[in-house]
1. Of these, 293, 238, which one is under 30 Å from residue 131 (Cβ atoms), within 16 Å of the ligand (Cβ to nearest atom) and open to solvent by 50 Å² or more (accessible area, probe 1.4 Å)?
2. Could you give every pair whose Cβ atoms fall below 7 Å, whose first residue belongs to segment 411-430 and is aromatic (Phe, Trp, Tyr), and whose second residue is open to solvent by 10 Å² or more (accessible area, probe 1.4 Å), counting only separations of at least 6 or pairs across chains?
3. Being open to solvent by 50 Å² or more (accessible area, probe 1.4 Å) and either touching a residue at least 60 places away in the same chain (Cβ under 8 Å) or touching a helix residue (DSSP H, G or I) at 6+ places or on another chain (Cβ under 9 Å) (or both) is true for just one of 178, 183, 189. Which residue is that?
4. Quick check, is residue 253 within 16 Å of the ligand (Cβ to nearest atom), farther than 22 Å from residue 162 by Cα and among the small types (Gly, Ala, Ser)?
5. Scanning segment 64-82 for residues that are in contact (Cβ under 8 Å) with a residue 40 or more places away in the chain and either farther than 30 Å from residue 37 by Cα or of a type in the set (D, E, K, R) (or both), which turns out surrounded by the most Cβ atoms within 10 Å (Cβ to Cβ)?
6. Given the options 126, 110, 97, name the one that is under 18 Å from residue 12 (Cα atoms) and buried (at least 18 other Cβ atoms within 10 Å of the Cβ).
7. Of the residues that sit in segment 159-172 and are open to solvent by less than 20 Å² (accessible area, probe 1.4 Å) and among the aliphatic types (A, V, I, L, M), which one is nearest to the ligand (Cβ to nearest atom)?
8. Just to be sure I understand the filter: pairs with C-beta atoms under 8 Å, separated by 6 or more residues or on different chains, first member in segment 310-328 and more than 12 Å from residue 146 (Cα to Cα), second member within 10 Å of the ligand (Cβ to nearest atom) and open to solvent by 60 Å² or more (accessible area, probe 1.4 Å). Which pairs pass?
Amino acid sequence: MSTQHDLIVIGAGPGGYVAAIRAAQLGLNVGCVELEPALGGTCLRVGCIPSKALLEASERFHEAQHALASFGVRASGVELDLPTMLARKDTIVEGLTSGIAGLFKKHKITRYFGHGRFTGQAGGDTQVVVRADDGAETALSAPRVIIATGSRLAPLRGVELDGDRVGGSTEALSYPEVPKHLVVIGAGVIGLELGSVWSRLGAQVTVLEYLDRILPGMDEELAREAKRVFEKQGLVFRLGSRVTGARQEGEGAVVEVDGAEPIHCDRVLLSTGRLPNTEGLALDTIGVALDERGRVPVGAHFETSAPGVYAIGDVIRGPMLAHKAEDEGVACAEYLVTGYGHVNYDAIPSVVYTHPEIACVGRTEEELKEAGVPYRKGSFPFMANGRARALGSTEGRVKMLAHAETDRVLGVHILGPRAGDLIAECAVAMEYGASSEDIARACHAHPTLAEVVKEAALAVDKRPIHI
Ligand code: NAI
């Protein structure tokens, strides 16, 4: 006997729980399978949210030590209380994950605790079995199933993860003491965010990056500028460094780099990418084969090769971002019930929560050049903005790229204070097919950081006011 639902969602991360809620809003009887006790997935439990809690807290500590005096605020005896900082982070996570449990209750979504796997398809239904920690199994059945199992740390050959001295982002969110020397492998999003946290708290941080630049995929000019800013903050970058091994050594760890001396340190953070979670789903029982990168292949409506089975988020193509997964969750649920849904992959913002933040939406200058698209570029520095001066955060700029003939905004790249919030305006503008002229003509409150976006739009037409 199996329990019947209209929809089963496997995974309760930002993709899965949002899909479950949207489907329930649309009247479906939804069951959601999650193996972790807390709902919310990597993002809420061990990703976006706890890292932001630590980024904010470490920023306060750093400010109190190094910046408040310049505001005319004298603080003496500033001390780090790491246990309280970590506990605050855990409280925030608990609040949000239990909030999802509340939302599930409100929408009458049945939660199944355990590991979900497919067992086959028959009579228009797909069968899923949930195996709990104690081995007990529950059989479920539904005409529609959404796979939203997310991703996990990708191993790197030679790097021996031990869950302590050599670990990934999960460990780096809970180091019990500030490492004297932290080696970060990979100058991507995770490496820069968590590297910044521990650097502000007093660690010496060395970032080893295989490429000759940081943040591959983001605008090269801004990435170069960001690197200079982070170097001033104390991060040490060794570009062109290919890590060939890392392991625990005594009370610390050692990292081997191709063609260089091994580096001895206290802790190692591996942040060279993530892999889709498809292990143990028994996808073969429903005839779904993975692509060359281990992802579940899907069509335009998230449909897999198995009838009635869909996939969203980190397990499919596209950037591994919580908000991309959320939007796919909503669109997938809407396709299932109404036949319509919408994700505009050309306007998905991306944010790195360093200080200053880095945010972008749309195409980079490099991509436009490569595609031979004629464009005009407008750039405006935060240094020339009154609010940024008052904030004491004047590094960076907004760079806007618009089509040379139509003036349609093709991409916006921001390095600067609250870039992650500023990019929202640009994403909305792009969603509506705005021109740089449209943004330039819209009234922006003064004095705000958003005026830098407006000035960059004016700069596309070579007529910024304040520079
Ligand atoms: P990433 O893909 O952002 O960066 C990995 C970096 O490691 C690259 O710069 C790459 O060139 C480098 N690398 C690869 N092999 C190497 C080697 N052997 N030695 C040295 N360097 C090497 O990966 P990351 O930071 O692990 O993030 C994983 C995913 O999580 C990404 O898709 C990211 O978008 C997402 N994420 C997003 C966040 C956000 O939106 N704020 C925060 C955290 C993660």
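1. Working: 238 fails: under 30 Å from residue 131 (Cβ atoms).
Answer to the check: 293.
2. none
3. Working: 178 fails: open to solvent by 50 Å² or more (accessible area, probe 1.4 Å); 183 fails: open to solvent by 50 Å² or more (accessible area, probe 1.4 Å).
That would be 189, the only listed residue that is open to solvent by 50 Å² or more (accessible area, probe 1.4 Å) and either touching a residue at least 60 places away in the same chain (Cβ under 8 Å) or touching a helix residue (DSSP H, G or I) at 6+ places or on another chain (Cβ under 9 Å) (or both).
4. Numbers: within 16 Å of the ligand (Cβ to nearest atom): yes; farther than 22 Å from residue 162 by Cα: no; among the small types (Gly, Ala, Ser): yes.
Taking the combined requirement at face value, the residue does not satisfy it.
5. 80
6. Values: 126 fails: under 18 Å from residue 12 (Cα atoms); 110 fails: buried (at least 18 other Cβ atoms within 10 Å of the Cβ).
Among 126, 110, 97, only 97 is under 18 Å from residue 12 (Cα atoms) and buried (at least 18 other Cβ atoms within 10 Å of the Cβ).
7. 159
8. So the pair list comes out as 314/274; 314/320; 320/274.
The values are calculated or read from the model by the stated rules, or taken from the named source; none is laboratory data. Not measured: the values here are computed from a predicted model. No Cβ is skipped: glycine too gets one built from the backbone with ideal geometry, and neighbour counts run over all protein chains shown. Ligands, DNA and RNA are excluded from the accessible area calculation, which covers all protein heavy atoms including side chains. Shrake-Rupley method; radii C 1.70, N 1.55, O 1.52, S 1.80 Å.
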